[in-house]
Amino acid sequence: MTDSGRVLVLGSGFAGLWAALGAARRLEELDVTGTVDVTLISKLPFHDIRVRNYEADLSACRIPLSDLLDPVDVGHITAEVTAIDTAARTVTVADSGGQGATQEYDRLVIALGSRVAKPDIPGLREFGFDVDTYDGALKLQRHLAALSDGGADVSAATVVVVGAGLTGIETASELPGMLTTMCAGRNLDPRVVLIDHNPYVGSDMGASARPVIEAALSENGVETMTGVGVAAVDERGVTLSSGEVLAAGTVVWCAGMRANPLTAQLAGDRDRLGRLPVDDYLRVLGSPGVFAAGDVAAAWVDDDHLSVMSCQHGRPMGRYAGYNVIGDLLGEPMMPLRIPWYATVLDLGPAGAVYTEGWDRQVVAYGAQAKATKVTINTQRIYPPLNRDRNALLAAAAPVLQARPDPGQ
């Protein structure tokens with residue numbers, strides 16, 4: 001440990017990576033590099049571009065942390081966080097072999113992200129797939145590839161996607177193309193069914209975007225079933241709450257997210273998603289020396305709205321948390337976070353995309369125009385510099401807000 005202290009950052013997603021880089025930038029800005037040890041702890045030695053897991057090509061979705069952290073002198077421990085003790089200011093971790101260790105800190109940034117919420121539905125954990133993680137998405141793709149090697153079973157060409165929120169819609173829109181490749185030369189017709197307990201798809205997208213989404217799903221050949229839930233999952237498909245059985249070789253669960261359950265180890269309240277309430281500087285209320293960012297934090301981004309679980313909010317939250325955790329440790333000024341705009345760009349596969357602005361999600365572009373913006377976001381805007389250049393990495397970690405995406409791009 002250095003003379004001035006140690007900062008631990010938990011998690012290597014959008015918030016965790018940018019918190020670590022933001023802390024390194026603030027140290028250099030204060031000209032105190034080398035006086036504070038900044039170390040990131042994550043289960044895997046990668047920064048995954050999680051929001052692209054629904055895509056068919058995942059080759060650009062996993063970046064070695066060494067390429068991002070080594071150039072800015074941030075340490076990295078590959079281990080799973082198993083406990084957080086804010087009274088003792090320690091974090092307990094376990095490596096891949098199950099060996100435990102205790103890490104001390106002077107300041108802590110919790111950025112452990114979220115995970116798909118899988119209820120106790122019979123067979124879901126055993127037979128269901130998801131695109132929540134890079135490894136989960138690869139597992140789904142390998143499963144589909146294995147089905148293509150089997151016999152000419154109609155159900156093998158059917159995928160049921162559960163949850164018609166943003167992830168479910170994007171996944172369902174991509175699957176027909178993947179299934180077409182799988183079914184080539186087998187006299188099978190690909191079938192994708194998107195189901196949701198709500199009365200309509202895209203319930204979070206508002207009335208303005210709904211007709212665009214529904215038309216795109218139809219154009220993509222995706223069937224929808226609404227107002228119905230899932231009662232059971234098995235290797236042959238799903239049983240719906242209505243009693244109907246859908247035969248399917250694959251079930252993909254995209255229904256709901258929850259913050260990492262380790263948030264429950266901190267004192268105080270959490271919201272319905274398990275998130276920690278934070279102040280304008282990303283400090284966890286009731287836990288001195290602890291900051292939170294990304295999907296584990298409930299931050300007010302303006303006077304009326306809390307942050308959402310998205311990289312749109314996770315990335316700036318990480319940058320500001322990194323800046324402020326060093327300020328808090330060294331008695332330097334901190335910066336409050338406010339995000340004055342909100343936009344959503346939803347990928348609709350071959351049918352394009354839909355771009356909305358505002359919390360009421362008014363459509364400002366759709367089709368090919370919105371798709372071009374989505375491609376720019378997914379392949380450029382959300383990526384850190386990949387050239388191992390220290391100056392570029394630190395510059396990208398500045399605690400400033402990006403302008404909203406240009407719907408004309």
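The values are calculated or read from the model by the stated rules, or taken from the named source; none is laboratory data. Remember, predicted model here, so these are calculated numbers, not experimental data. Cβ sites come from the backbone with ideal geometry, for glycine too, and all protein chains shown count toward neighbours. Only protein heavy atoms, including side chains, enter the accessible area calculation; ligands, DNA and RNA are left aside. Shrake-Rupley method; radii C 1.70, N 1.55, O 1.52, S 1.80 Å.
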| Candidate set: the stretch 295-311, residues that are in contact with a Ser or Thr (Cβ under 8 Å, 6 or more places away or on another chain) and part of a helix (DSSP H, G or I); chosen: the one most open to solvent (accessible area, probe 1.4 Å) | Asp295
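Suppose we keep only residues that are among the charged types (D, E, K, R) and at pLDDT 95 or above within the stretch 235-274. Which one would you say is nearest to Met225 (Cα to Cα)?
The first filter runs over the stretch 235-274 and keeps only residues among the charged types (D, E, K, R), leaving 235-236, 244, 258, 269-272.
Among the residues that remain, those that are also at pLDDT 95 or above are: 244, 258, 270-272.
Working: Glu244: 11, Arg258: 24, Arg270: 33, Asp271: 30, Arg272: 27 Å.
Per the stated criteria, the residue is Glu244.
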| request: Would you point out which residue out of Ala23, Ala83 is in contact with a strand residue (DSSP E or B) (Cβ under 7 Å, 6 or more places away or on another chain), closer than 16 Å to Val325 by Cα and touching a residue at least 60 places away in the same chain (Cβ under 8 Å)? | output: Ala23
| Only one of Arg388, Arg361, Arg338 is in contact with a Pro (Cβ under 7 Å, 6 or more places away or on another chain) and open to solvent by 10 Å² or more (accessible area, probe 1.4 Å); which? | Arg388
| remark: Ser148 meets each of (1) within 19 Å of Arg236 (Cβ to Cβ); (2) in contact (Cβ under 8 Å) with a residue 60 or more places away in the chain; (3) of a type in the set (Ser, Thr, Tyr) with one exception, condition (2)
| task | Go through the stretch 254-273 residue by residue and tally those that are over 15 Å from the mean Cα position of the chain (by Cα) and open to solvent by 20 Å² or more (accessible area, probe 1.4 Å). | result | 10
| request: Considering each residue of the stretch 57-100, count those that are of a type outside the set (S, T, N, Q), in a strand (DSSP E or B) and at pLDDT 95 or above, and give that number. | output: 14
| Residues in the stretch 31-38: is at least one open to solvent by 10 Å² or more (accessible area, probe 1.4 Å) and of a type in the set (Gly, Ala, Ser)? | yes
| note | Within the stretch 94-133, the residues that are of a type in the set (Phe, Trp, Tyr) and open to solvent by less than 40 Å² (accessible area, probe 1.4 Å) are Tyr105, Phe129
